[in-house]
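Student: Take a look at the following structure, please.
The values are calculated or read from the model by the stated rules, or taken from the named source; none is laboratory data. These numbers come from a predicted model, not from an experiment. Because the Cβ atoms are built from the backbone with ideal geometry, glycine has one as well, and the counts that use them run over all protein chains shown. To get the accessible areas, we keep the full protein, side chains included, count just its heavy atoms, and leave off ligands, DNA and RNA. Shrake-Rupley method; radii C 1.70, N 1.55, O 1.52, S 1.80 Å.
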Amino acid sequence: MNHPTSHASRAPRLHALHACLVVAGAMFGLQACAKAPTAAADAAKPAAAAQDDGGYPLVTDVRLQNAGNDDGWLMYRRDYGSSGYAPFDTVNAGNVAQLKQAWDYTSEFDMGHEAPPVVNGDYMFITTPKNHLLAFQASTGKLLWKYEHDLSNAGLKTVCCDVVNRGVALYQDKVYMATLDNHVVALDAKTGKVAWNEKIHEQDVGYAMTLAPLVVKGKVIVGVSGGEYGARGYVTALDAATGKEAWKQHTIPMPDEPGGDTWPKGAAETGGGAAWLTGSYDAETDTLFWGVGNPGPWLATLRPGDNLYTDSVIAMDPATGKIKWHYQYTPNDTWDYDGTNETVFTDIDYKGAKHKAIVSASRNGWFYAIDRTDGKLIYAEKFATATSVTGPDANGKMQTDPALRPTVDKEVFTCPSFLGGKNWWPISVSPQTGLAYVPTLHSCMTIKGAEVSYKAGLPFLGESFLVKRDPAFPNQWGSVQAIDVNTGKQAWTFPSELPWNSGMLSTAGGLLFSGSADGYLYAFDAKTGKVLWKSPQMTSGVLGVPSTWKVGGKQYVGVWAGWGGASPIWGGEMAQDPKVKGIPLGGHLYVFSL
């Protein structure tokens, strides 16, 4: 059924209103359209966990530490280790073919819908583009309340790659959202009433926020976007009760700080290093892991040196933000390869040695396993065509090919494209199979240097580029692939003529769920890659991150359809492919169950 919303009439669909021409392409900035928040109806009382007086299950530190075993889906990637894996087998390889639509909801936006359903008890929280936050009864789809963040004074001209949001964090009786105008908002989870609304940076000067927050020991932790604008990146923690800043850690060191000597004089202030995806947390070592994005400007000849901590994972003390160690995926990046992709915890046995590892499929086309206790590289293996980044040296430091570095006078053809072998779409790791599931993009690019100067709030690239087909994959833009975490080698692959831009969800039912660009939710056999179920075609292509939860013993799987994001804007020849160009727009939330 098409579940009715609480609106008497839906707002008209919104489209991009203006585009900023930049040296290297078109980056869309969408004008604001926001309304005042609305109040809530009472919700059914879930039975799980300690509850407040209204029957809402309180999200405690203990529950967050054990989120992987919860019946809900309590955070962006389910657990602190970012596994994207649920130990549910009610829906399994034997019965998944019987999945049917349980309820759905139509969004009012025609932009990218990227958030997963976050579920606590029988409460679901999910965000849309432009910072609308919806609360549903998770089992029925009843809309409980809706909050619309006021963006009426925000130009959003420095928001890169669509006006998206990747979801919420939960703690105690509140739900938290980071916004495009650099606020963090805390709302009462039962009613949607604003508890606090804290500004962490000025709007329209290069910074924005699109990530889901992470809550660790009473702190709401967020990172900023803005690497394409020369914004100096940082991760910051706010007190969950009050919104007051607890600490702030810049990702680009100044000259007198550790790593500051990896930048030329004066370059750090505009060095990029945005921290625009959600981190992970290891309670055993009390360590916070966060990915750091590309340096600014893109053209590396303007900033010789390794440019720490760009294109890196940094390990931090969650109490202070102090950096313990780092590992850099791409030193002196000049291809926009970032290092923001999620770090997933897994124990591996590599060549007879056991490691507590983090694994990550990087934009640069390499799949990494890193010891999460000390930051030492365990292995790096290619998972996509990778020509610019050539691999680690004997000390584990990644090397690059000087011949594939663009200059103002030289255009190069290299792989992958700046969109990466994998972009932000999260992987999942199943402890049941020992496999990591990677949404993979097969593309290359031409890229050439250009003159550029910094001005706050304007693009800071210094390169022009065009996404091209990967000659090694002439008939496909994407694939789903499974990688053995003990070896870094491919176990199976599912090719796709279209790009594959959806996140991964694996379960103890022997299943892998992910959505396709032509609008289907797939269930694969997690061991073999065989397609076991494919949903009826949804209204749009899938960028969304699927999640799963249980209410009253019944398992549900939910995902946004809603094409958008970076690929249609920056995708070059891929975006102009008639089959990609023809993907319909429009956000639509689907929930399935047996």
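Student: Under the 0.36 nm per residue contour assumption, what length would be gained going from the current alpha-carbon distance of Asp61 and Asp286 to full extension?
Tutor: 79.7 nm
Student: Here is a further query. Ordering Ser453, Ser430 by how much accessible area each has at a 1.4 Å probe, largest first, what is the list?
Tutor: Reading off the accessible areas and sorting them downward yields Ser453, Ser430.
Student: By the gyration tensor of its Cα atoms, with a ≥ b ≥ c the square roots of the eigenvalues, what is the shape of the stretch 468-567: rounded for a/c under 1.5, prolate for a/b over b/c, or oblate?
Tutor: oblate
Student: Order these peptides, 513-521, 114-122, 321-329, 374-382, by their mean beta-carbon neighbour count within 10 angstrom, highest first.
Tutor: In decreasing order of mean packing, 513-521, 114-122, 321-329, 374-382 become 114-122, 513-521, 321-329, 374-382.
Student: Give me the net charge of Thr270's neighbourhood, meaning all other residues with Cβ under 13 Å from the Cβ of Thr270; Lys, Arg count +1, Asp, Glu -1.
Tutor: +2
Student: How many nm is it between the label spots at Lys244 and Lys217, if each spot is 7 Å from the Cα in line with the beta carbon?
Tutor: Label-label distance for Lys244 and Lys217, simple model: 1.9 nm.
Student: Taking a ≥ b ≥ c as the square roots of the eigenvalues of the Cα gyration tensor of the stretch 458-511, is the shape rounded (a/c under 1.5), prolate (a/b larger than b/c) or oblate?
Tutor: prolate
Student: Leaving out same-chain residues fewer than 8 places away, which lysines sit with a Cα under 22 Å from that of Lys157?
Tutor: In chain and number order, the partners are Lys35, Lys130, Lys199, Lys455.
Student: Counting only protein heavy atoms and using a 1.4 Å probe, what share of the accessible area of the chain belongs to carbon plus sulfur, as a whole percent?
Tutor: 52 percent
Student: Just order 232-245, 439-452 by mean Cβ neighbour count inside 10 Å, highest at the front, would you?
Tutor: Going by the mean number of other Cβ atoms within 10 Å, highest first, we get 439-452, 232-245.
Student: If each of Ser152 and Lys579 carries a label point 7 Å out from its Cα toward its Cβ, how far apart are those two points in nm?
Tutor: 4.6 nm
Student: Using label points projected 7 Å from each Cα along Cα→Cβ, tell me how many nm separate Thr140 and Glu257, to one decimal.
Tutor: About 5.1 nm, to one decimal.
Student: Sort all Cα-Cα distances of the chain into consecutive 10 angstrom bins from zero, then give the percent of pairs in each bin up to the one containing the longest distance.
Tutor: Going out from 0 Å in 10 Å bins, the chain shows 4, 19, 31, 29, 14, 3, 0 percent.
Student: Please list Lys217, Lys354 in order of solvent-accessible area, largest first, computed with a 1.4 Å probe with all protein chains present.
Tutor: Reading off the accessible areas and sorting them downward yields Lys354, Lys217.
Student: Under 10 Å from the Cβ of Thr310, count the other residues' Cβ atoms, weight Lys and Arg +1, Asp and Glu -1, and hand me the total.
Tutor: -3
Student: Find out how many positive minus negative residues lie around Ala102, taking Lys and Arg as positive, Asp and Glu as negative, among other residues whose Cβ is under 14 Å from that of Ala102.
Tutor: Around Ala102, the surrounding residues sum to +2.
Student: Under the rule of -39500 (n - 2.57) per DSSP H run of 4 or more residues, summed and divided by the residues of the chain, what mean residue ellipticity at 222 nm is obtained, to the nearest 500 deg cm²/dmol?
Tutor: Computed mean residue ellipticity for the chain: -500 deg cm²/dmol.
Student: Top to bottom by accessible area (1.4 Å), largest first, where do Lys130, Lys554, Lys527, Lys190 land?
Tutor: Sorted descending by solvent-accessible area, the residues read Lys527, Lys554, Lys190, Lys130.
Student: Continuing with the same structure: Going Cα to Cα from Lys100, which lysines come in below 20 Å? Please leave out same-chain ones fewer than 8 positions away.
Tutor: Output for Lys100: Lys142, Lys530, Lys534, Lys550, Lys554.
Student: To the nearest 10 Å², what's Arg63's accessible area with a 1.4 Å probe?
Tutor: 30 Å²
Student: As I understand it, the dipole of the chain uses +1 on the Cβ of Lys and Arg and -1 on the Cβ of Asp and Glu, about the Cα centre. Which of Val412, Tyr309, Phe136 lies farthest toward its positive end?
Tutor: Phe136
Student: Sort 465-475, 561-571 for me by packing, meaning the mean count of neighbouring Cβ atoms within 10 Å per residue, highest on top.
Tutor: Per-residue mean Cβ counts within 10 Å order the peptides as 561-571, 465-475.
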